[in-house]
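The values are calculated or read from the model by the stated rules, or taken from the named source; none is laboratory data. Keep in mind the model is a prediction, meaning the values are calculated, not measured. All Cβ positions, even for glycine, are placed from backbone atoms using ideal geometry, and neighbour counts span all protein chains on display.
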Amino acid sequence: MAGPLRKTMVYLGLADEEYDYEAAQPSAPAAPAAHTPAAAHNGPAQGAASNSAPTQNRAPVTPLRRPTAARQAGPADMNEILTVHPQHYKDAQMIAENFREGIPVIINLSQMSEPDARRLVDFASGLSQGLYGKIERVTGKVFLLSPAHVVVSGDHAEAETDVEASFFSQP
């Protein structure tokens, strides 16, 4: 009988459960079985079943899928920019699909309500962070999502000093 430590290890999955089998002892010593053609046709499954010791069946192992390399868009693929004028938050799916493909996206939030616009900006910020891109504010309600391989040049000093007109500042 197993001790409490062994039972705990089995319960936690740290050890395999050992079953106590009572193997039937043959009354006479078994002679080695002669190899016959009939035994060869039975295959290994029948030969294993003829042994007196029971075998433990285990579940089949499912192999892990190998991760596939994500398609990385390079600078040579950059030949378009998508401009989106979302009216509802559900338009975020189209923004995400294009951004994942490596296409820079300009988001004009002027046609959205204030709460939905904030929600979409939060979504776009998480999207750009998760895919190693950047989100930049172009004007009051226009944002640029640029993938990691896209470099944007321009006058950033003026946009950073205008804190009062910030879309992100809470009232």
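A few comments on the model shown:
- Residue in the range 153-171 that is at pLDDT below 75, closer than 19 Å to E114 by Cβ and surrounded by 14 or more Cβ atoms within 10 Å (Cβ to Cβ) present: yes
- Under the condition of being over 30 Å from the mean Cα position of the chain (by Cα) and surrounded by 15 or more Cβ atoms within 10 Å (Cβ to Cβ), the residues counted in the range 108-127 number 3.
- Qualifying residue in the range 30-50 (condition: modelled with pLDDT under 85 and either of a type in the set (S, T, Y) or within 22 Å of L131 (Cβ to Cβ) (or both)): yes
- Extreme residue, modelled with the lowest pLDDT, among residues of the range 132-146 that are closer than 16 Å to E114 by Cα and not in a strand (DSSP E or B): G140
- Taking the numbered list (1) closer than 16 Å to V150 by Cα; (2) buried (at least 18 other Cβ atoms within 10 Å of the Cβ) in turn, G130 passes all entries but (2).
- Candidate set from the range 71-104 (those that are among the aliphatic types (A, V, I, L, M) and over 19 Å from G126 (Cα atoms)); member that is modelled with the lowest pLDDT: A76
- Subset of the range 95-123 (residues that are touching a residue at least 24 places away in the same chain (Cβ under 8 Å), under 14 Å from T83 (Cβ atoms) and outside any loop (DSSP other than H, G, I, E, B)): I95, F99, V105, I106, I107, N108
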